[in-house]
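Enquirer: Dumping the structure here so I can ask a few things about it.
The values are calculated or read from the model by the stated rules, or taken from the named source; none is laboratory data. All values reported here derive from a predicted model rather than from experimental measurement. Glycine also receives a Cβ, built like all others from the backbone with ideal geometry; neighbour counts cover every protein chain displayed. The accessibility values were calculated without ligands, DNA or RNA, using every heavy atom of the protein model including side chains. Shrake-Rupley method; radii C 1.70, N 1.55, O 1.52, S 1.80 Å.
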Amino acid sequence: MKVSVVRNILEANEALAQKNRKLFKEKGLFTINLMSSPGAGKTTLLENTVEALKDRLRMAVIEGDIQSSVDARRIAKKGVQAIQINTDGGCHLDANMIQNVLAHLDLDNLDLLIVENVGNLVCPAEFDIGENVKAMILSVTEGDDKPLKYPVMFRESAVLLINKIDLLPYTNCKINNINKAALKLNPKIKIFEVSCRTGEGLENWYKWIRQQTKKK
Amino acid sequence: MHELSIAQGILDIIRDEAEKNSIERISAVRLKLGKLTAVEPSSLSFCFELITKGTLAEGARLEIETVPITGRCAQCGREFTLEDPFCNCPGCQGLKIDILTGREFYICEIETDD
Ligand SMILES: Nc1nc2c(ncn2[C@@H]2O[C@H](COP(=O)(O)OP(=O)(O)O)[C@@H](O)[C@H]2O)c(=O)[nH]1
Ligand SMILES: [Mg+2]
Ligand SMILES: [Zn+2]
């Protein structure tokens, strides 16, 4: 006997993500799901962002990592609440993990929540956690062929930060190739070219975040 | 990778469907998997086999039908299959292609020998 089914395999995660999304909306909270490969600069970007915006926006950070709470401590040092999630080998955060830690956050008194996903250019893109936007980082040291190799994340992200542009003179990365390929995959993607080392380009990113939180 | 948690999701769904349809053993599961998803079929099959041991779906065949990436040219309207997500329109060389299929990821059928 055959039984026809038609059910989305990720339905359980998607239902929980919708619940999170609804809650964020009720609380007027803008949420960013930040993704990249390991070492592209997610935590450094967050350290900078917290420093720049914490006096103007009430913010918190959720740190996802396979193990350790190093990143959460780096953020907490900057003076905002940071919660660590350890996935214990898992390659991505899912909506359930986010829901489980939301009780630790004072959502009524927050404007901005940024989630640093597990370092990985493939898996996190498949799992909705209820965020408003997915933002991804590609650092120039990873090479300009990455959109070709990891199209899904580029398609799913609303924002692309091209980081470590201070290192451009030392690589054979052509930033224009990244821009072209990313826009081809996703014509609406918003691109920021930044250096979290020198601070170049970060003002535009901060400005964009402030505009988004005002809309909430 | 994340194929293990996906295999778990599949098992949860087919268990639920088996219960609804009073099925005691599942012999095959059919899925559609778009080429624009970050899921590796062979890894998924491996994880499925692993996770169904000792369940009603032990030994079940996992039949994965991959769905090609198709798109429509925003310039000339032509619909075509994209060999990779970077193809231009074969008709007018247009660059802007709206994706039509390739993101599918769902179970379409289960089968039982009962
Ligand atoms: N030169 C340079 N190094 C950077 C930049 N951003 C981050 N890094 C360095 O890259 C390494 C990894 O950064 P981290 O933020 O921990 O990456 P994550 O794994 O994505 O969180 C650290 O040594 C950072 O100091 C940048 O813009 N330029
Ligand atoms: Mg980090
Ligand atoms: Zn065309």
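Enquirer: If amide hydrogens are placed 1.01 Å from N in the peptide plane, which non-local residues have theirs closer than 5 Å to the one on A:Lys190?
Expert: Amide H to amide H, under 5 Å and 5 or more residues apart or across chains, A:Lys190 pairs with A:Val159, A:Leu160.
Enquirer: A follow-up question, please. Find how much the distance from A:Asp55 to A:Tyr206 grows on full extension, using 0.36 nm per residue of separation minus their present alpha carbon separation; answer in nm with one decimal. List each step's numbers first, then the result.
Expert: On the way: separation 151, 0.36 × 151 = 54.36 nm, distance 1.26 nm.
Taking 0.36 nm per residue and subtracting the Cα distance, the gain is 53.1 nm.
Enquirer: Let me ask something else. How much accessible surface area, in Å² rounded to 10, belongs to the heavy atoms of B:Phe80 with a 1.4 Å probe?
Expert: 20
Enquirer: Same structure, new question: How much net charge surrounds A:Arg21 when only other residues with a Cβ under 13 Å from its Cβ are counted (Lys, Arg +1; Asp, Glu -1)?
Expert: Numbers: positive: A:Lys19, A:Lys22, A:Lys25, A:Lys27, A:Lys134, A:Lys216; negative: A:Glu14, A:Glu26, A:Asp128, A:Glu131.
Cβ neighbours under 13 Å give a net charge of +2.
Enquirer: Oh, and also: Calculated from DSSP H runs of 4 or more alone, at -39500 (n - 2.57) each and per residue, what is the 222 nm mean residue ellipticity of chain B, nearest 500?
Expert: Dividing the helical sum by the residues of chain B leaves -8500 deg cm²/dmol.
Enquirer: Please identify the cysteines of the protein assembly as shown that lack any partner cysteine with a Cβ under 4.7 Å from their own Cβ.
Expert: A:Cys173, A:Cys196, B:Cys47, B:Cys87, B:Cys108
Enquirer: Can you list the HN-Hα couplings for the range A:190-198, worked out from phi with the Karplus curve (6.51, -1.76, 1.60; θ = phi - 60°), rounded to whole Hz and with x for Gly and Pro?
Expert: Each residue of the range A:190-198 in turn: 9, 10, 10, 9, 9, 10, 7, 7, 8 Hz.
Enquirer: Still on this structure, I have one more. Could you please report the charge total around A:Glu126, scoring K, R as +1 and D, E as -1 over all other residues with beta-carbon less than 12 angstrom from its beta-carbon?
Expert: Surrounding charge for A:Glu126 is -3.
Enquirer: What ranking of A:Lys214, A:Lys207 comes out by heavy-atom accessible area, probe 1.4 Å, highest first?
Expert: A:Lys214, A:Lys207
Enquirer: Loop only per DSSP, at most 13 neighbouring Cβ atoms within 10 Å: give me the GluC sites (Glu not before Pro) in the range B:22-114, ordered by residue number.
Expert: Details: sites: B:Glu24, B:Glu49, B:Glu58, B:Glu63, B:Glu65, B:Glu79, B:Glu83, B:Glu104, B:Glu109, B:Glu111; in loops: B:Glu24, B:Glu58, B:Glu83, B:Glu104.
Counting only loop positions with at most 13 other Cβ atoms within 10 Å, the GluC sites (Glu not before Pro) in the range B:22-114 are B:Glu24, B:Glu58, B:Glu83.
Enquirer: Among A:Val152, A:Val115, A:Val101, whose mean-square fluctuation peaks in a Gaussian network model of chain A (Cα, cutoff 10 Å)?
Expert: Top of the fluctuation ranking is A:Val101.
Enquirer: What shape does the range A:119-216 take by its C-alpha gyration tensor, where a ≥ b ≥ c are the square roots of the eigenvalues and a/c under 1.5 counts as rounded, a/b above b/c as prolate, and the rest as oblate?
Expert: Oblate.
Enquirer: Follow-up. Classify chain B: rounded, prolate or oblate, from the alpha-carbon gyration tensor (a ≥ b ≥ c, eigenvalue square roots; a/c under 1.5 rounded; otherwise prolate if a/b is larger than b/c)?
Expert: Prolate shape, in that a/c is at least 1.5 and a/b is the bigger ratio.
Enquirer: Sticking with this structure for a sec: Using amide H atoms built in the peptide plane, which far-off residues or other-chain residues are under 5 Å from A:Ile137 H to H?
Expert: Under 5 Å from the amide H of A:Ile137: A:Met35, A:Ser36, A:Leu161.
Enquirer: Here's something else I'd like to know. Tell me whether the protein assembly as shown comes out rounded, prolate or oblate; compute the Cα gyration tensor, take square roots of the eigenvalues as a ≥ b ≥ c, and use a/c under 1.5 as the rounded threshold.
Expert: Oblate.
Enquirer: Taking the alpha-carbon centroid of each part, what is the distance from the range A:165-179 to the range A:105-155 in angstrom?
Expert: 21
Enquirer: Quick check: net charge around A:Lys78, other residues with Cβ under 9 Å of its Cβ, Lys/Arg +1 and Asp/Glu -1? Show your work: numbers first, answer last.
Expert: Numbers: positive: A:Lys54, A:Arg74, A:Lys77; negative: A:Glu47, A:Glu51.
Result for the local shell: +1.
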